[in-house]
Structure formats: structure tokens, C-alpha cells
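Below is one structure, written out as C-alpha cells; comments come after it.
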């Protein structure tokens, strides 16, 4: 059991952090003895622990002035631990090289953290506030330049490493379904349900321009093949027949996705109301955000998708800024789907720090807006479903890979060859940290003029190689919600016995849980780069599962080594 000390206002973020780092913990009690104590208070606590980890950017009572280097107030400072870089966004205190002990985290301004072994136990002093960092990540998210860094997962991984390398037994329920490496959610934003809904508007004119002139220029510059050019020209030529109803609408791609995803399920975010640009929209979106279809225009397709096991969710217009509008959008979708417990993703990813509260008040089960329009990666620094600060029930399933961000000329504008390694880094991080990869592939993105179908199919093949659990966004949220309902309780009669309990109020899931056991490292053998070893014990199917340190370590279990330097 980990004892945790924090500032009074940090209770909620501390609780959320230990939902993500799902290991036994409790608020520190003076009457209890802990192997590990973690503190973010502004003074060194007087505790009896084998490992004391103290976070904070303020000079604490008892710290010698000669050990302090400087205090950095600027945001987005890169630190280094074991060869892995990660940013901090709050204030940072750095220490001089003459500090006793040795550096465990470095910055360009000196030590950002050091480790000191004393006769009483090991002390680790870090110059930033862990829970302040977590709150910033979950509320505001990372800037674009740090999109590639799973910062929150690195914070968790550092704690794991420090605990295990201090010779202390650790176990957790990892964010990994039993028998799988990670979760994958395929999602589709249905911004356009056919080109026939558009008259001579900016959408049609933009298509004609890109499918003709831009396609020719791409072909001349050897950025596109002759086949690509032919498909786009063919689509342009077919427009009169499409509008007359004599030829298939090439932007209506539901059947094609059903074919591509015949052995998996996905989530389709569908618009509740047409011709609404939305409230509080400024800039170039003010005149172009309104969409020309809504769910009532595609009811047969909605029913077919549901019958095939796919999920229908809300592609919201105003819910992010007005809870009553959100309730109206939810009702409109529910009228067709028959399901009131729906998730949402906002059109154009409109979102602010108060949006989660409004979406919760509107009655949504989950949100999947927290991500980037201009990049791929980890806006919240995490692969995990989380509860946004200030909410009680809403869960956020963060997005990671978006087609438009990768390929659009006004975004990253990458070729397939350039984009694939970026996607592979996200897949490899998911294999290391677990969690979920959420992918957005717009309905029209496999059609002319985009033709991003080959890349999407190649990405699916790669994900299947890495043993992902494919599920809908609602199923992923339900799995994480079940994990959140797992609790730990120390047995007061038997030393170092922890009972792991799963509340049976939650639904059964196709994917179960593991209990991950980490092998303690002898102090003289530990280093930040030596890696740590773990073994997964499948959930035994009972409501309660007892974990006793001595009995676990005495068993002949095959452990897997993971090095911290493989994080990125």
C-alpha cells in the first residue's frame, strides 16, 4: 500500500491519477507504516518509509541553500530520465550538481530530481508537483510540439521504476485487457453523407478544385499515381449522374467500411441537425461549419450499422458550449437509434476547459473530443480513458490518430511513407503502456478525392499484428469503467495481504483483466536503465482475489523485462 500526502485541493486529481496507475494506495495515515510514501506538500514529511518520494517546486524547510540551483517559471521545460525526454508544464526547481546523492532526472539547468540513500531509507526529491502536472494534462493538454510524448504514462512508468528499483513489491491492474496488448477503437466522423446533399456551395467547388487541378499538380510532382488521377477524374465526370440518382454517390461509403471492417466493430459519429454552424463559433469555421445532412437523412444506414454490431454516437454541434443544446442533440440521435446512453465527439473538435461539465450535464456517457486537429499523438499525454477534472460520471476517451491531421495540405501534409512511422510509434507505445488507440477516419476519406483507403487498410493490418482488442468506443469506456470499479483493501490481520475486489454491478466484458506483478530489484542491482520485470496473472473470475507478497514471490512465475529506455 502506498501512502499519499497532497495539498488539500489536490484530492480529486490524486484520486484520478491512481485510477490510471491502478495500484493499492490510500491517503497517508500516521498510524500506518508504508513501504512507499508520495508527497506533494511544501515540506518534507516526517515518515517511516523504505521509499519517500517528494515532489514540489518550492524550497522546503531543511533543504540547504547550496543544493538549490534555480527555479524555472516558464512552461514546457523538457526533462530527461533514463534517456527518455518528457515535459513539465508548471514551475520547476532544479538542484546543483553538488547535491548529495545522484541525479535521477536531468534538465539543461541542472538536476531536476535526485536520489539519496540514507540509513532510514531512500529519498527521491523531484523539483515539480506531480499532481499539478497531471491536472494540467487532463484539463488543457499538451502543445502541438509535444504531441508525440505520452507524458502522463511516463510519469506513471517512472514511479513504477523507482518503487521496484528500491526493492519494493508492486502490483497493479494494468490498462490492458487479458490476452491483449492494448485496445483499438476505430471511429468515423460522418461530416458528409454524400455529395448529392451539396448544391453549388464551397464543399462542391472545393471538391472540383482538388479532384481536378490539385490532382494534376500532385501527379506532375510525382506525389500521386496515374490511378489516383483516374479515380478523381472519373468521380468528377460522374457528378451529373450522381445528382440525377443514376449513379452511386461516391461520398456515401458506409458499405465500403462494412466490408473493410467485417471482422471488427467501430463507432460512427453522426450529425443530429443539419444547417447549424453552431454557437460561439468564430474565424473561418463560422461560415463553413454547418453540415448539409443529419441522421434523419440516413436512417436505413444507421439501422444497418447497428445490426452489424457497430456503434452510433453523436457528432455534436453545440453541446460543448451549451448543455441544453447537448440534451437536444442526444435526444435527436436517440430517437433513431433507440439508445439514450450515447457518447459524443464535437464537430471540428470544438472544446474548452468547461466542456466536460456541460457534456456531463447534457447526459452523455463519454466524450471523444480531446485530441488535435493539426497533429496526431497525446493531447492528454495518455493512452487511457480518464475522468476529466470537475466531472463525476463522464469519461473521456482521448483520440490519437486522425486522417486529416496526417494528410491534409493545411495540416501535417504527409505522404503515406512519412505518416506510417508516426503511427507505428503510437502503436509501439500502446504495446508498452497499454491503454487505447483511438483512430478517426472520416467517412469520405476512402473516397475521391482523398483516397486514403490504402493507408487505412495497411494500418488495420498492422494493428492486428500487434494483438489489439478491437471494440467500439462505448465498449472501451465500459471496460475502463469496470477497471475503475476495482478496489484494493489491506487485511489488518495478515501483514502484506491485499484483497483485490471487482464490483459486480458492472456488465460482463468480452475482455477481462490481469493483475500485473513486478519483481522487486535488489538495491545494488538497480539502475534507471536496467529495466523492470513483470508477470501478468489473469483475473481468476471471482469477485475477490487475494494478493500476498510472500506467496507471489515464492511462486515460479515467468517474468517479462521491459526497459524504461524503450518508452519512445
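Read the figures in this text as sums done on the coordinates, not as results from a lab. Remember, predicted model here, so these are calculated numbers, not experimental data. Here Cβ is always computed from backbone atoms with ideal geometry, including for glycine, and neighbour counts include all displayed protein chains.
Work out how much length residue 417 to residue 489 would gain on full extension: take 0.36 nm times their residue separation and subtract the Cα-Cα distance, in nm to one decimal.
Length gained between residue 417 and residue 489: 20.9 nm.
Going by how many other Cβ atoms sit within 10 Å of their own, how do 38, 123 line up, fewest first? Walk me through the intermediate numbers first.
Details: 38 28, 123 18.
The fewest-first ordering by Cβ neighbours comes to 123, 38.
Any chance you could run the full-extension gain for residue 255 through residue 554? It's 0.36 nm times the residue separation minus the Cα-Cα distance, nm to one decimal.
On the way: separation 299, 0.36 × 299 = 107.64 nm, distance 5.49 nm.
This chain segment gains 102.1 nm when fully extended.
Could you tell me the relative contact order of the chain? Use alpha-carbon pairs under 8 Å, at least six residues apart, and round to a whole percent.
So the answer I get is 17 percent.
Take every DSSP beta bridge with both residues inside the chain and express the antiparallel ones as a percent of the total, to the nearest 5.
Working: 44 of 86 bridges.
Taking every DSSP beta bridge with both residues in the chain, the antiparallel ones total about 50 percent.
I'd like the distance between the alpha-carbon centres of the stretch 542-563 and the stretch 210-260, rounded to an integer number of Å.
Cα centres, the stretch 542-563 to the stretch 210-260: 56 Å.
Name the shape class, rounded, prolate or oblate, that the alpha-carbon gyration tensor gives for the stretch 2-139, where a ≥ b ≥ c are the square roots of its eigenvalues, rounded holds for a/c under 1.5, and otherwise prolate holds if a/b is larger than b/c and oblate otherwise. Before the final figure, lay out each step's value.
Details: a/c = 1.70, a/b = 1.16, b/c = 1.47.
Cα axes put the stretch 2-139 in the oblate bin.
Any idea how far the Cα center of the stretch 289-322 sits from the one of the stretch 337-354, in Å?
11 Å
Specify which labelled value, from [x] 46, 25, 22; [y] 68, 25, 22; [z] 88, 40, 19, agrees with semi-axes √(5λ) of the Cα gyration tensor in Å derived from the coordinates of the model shown.
Checking each listed value against the structure points to [x].
Test of understanding: ordering 461, 483, 450 by Cβ neighbours within 10 Å, fewest first, what list do you get? Before the final figure, lay out the partial values.
Values: 461 9, 483 22, 450 19.
Fewest-to-most Cβ neighbours within 10 Å comes out as 461, 450, 483.
If you take every DSSP beta bridge whose two residues both sit in the stretch 18-90, what share of them, in percent to the nearest 5, is antiparallel?
On the way: 5 of 10 bridges.
Once the DSSP bridges in the stretch 18-90 are tallied, antiparallel ones form about 50 percent.
If you take the beta carbon distance between residue 33 and residue 145 as r and set R0 to 41 Å, what does 1/(1 + (r/R0)^6) give as a FRET efficiency, to the nearest 0.05? List each step's numbers first, then the result.
Numbers: r = 44 Å, r/R0 = 1.07.
So the FRET efficiency works out to roughly 0.40.
How far, in degrees from 0 to 90, does helix 151-164 lean away from the longest principal axis of the Cα atoms of the chain, to the nearest 10?
The answer is roughly 30 degrees.
Suppose R0 equals 35 Å; then what is the FRET efficiency for residue 120 and residue 539 from their Cβ-Cβ distance, rounded to the nearest 0.05? Show your work: numbers first, answer last.
Values: r = 38 Å, r/R0 = 1.07.
Result of the calculation: an efficiency of 0.40.
Mind checking the full-extension length gain between residue 307 and residue 497? Use 0.36 nm per residue of separation minus the Cα-Cα distance, one decimal, nm.
Values: separation 190, 0.36 × 190 = 68.40 nm, distance 4.68 nm.
Extra length from residue 307 to residue 497 when fully extended: 63.7 nm.
If you average the alpha carbon positions of the stretch 152-205 and of the stretch 427-475, how far apart do those two centres end up, in angstrom?
So the two Cα centres are separated by 10 Å.
Given a Förster radius of 56 Å and the C-beta distance between residue 7 and residue 263 as r, what FRET efficiency does 1/(1 + (r/R0)^6) yield to the nearest 0.05?
Values: r = 49 Å, r/R0 = 0.88.
Once the sixth-power term is evaluated, E becomes 0.70.
What is the fewest-to-most order of 173, 216, 515 by other Cβ atoms lying within 10 Å of their Cβ?
Ascending number of Cβ neighbours within 10 Å: 216, 173, 515.
Between helix 11-20 and the chain, what is the angle of the helix's C-alpha long axis to the longest principal axis, kept within 0 to 90° and rounded to the nearest 10?
The helix 11-20 is inclined about 70 degrees to the chain.
Which angle from 0 to 90°, rounded to the nearest 10, does the C-alpha axis of helix 416-433 make with the longest principal axis of the chain?
The two axes meet at around 40 degrees.
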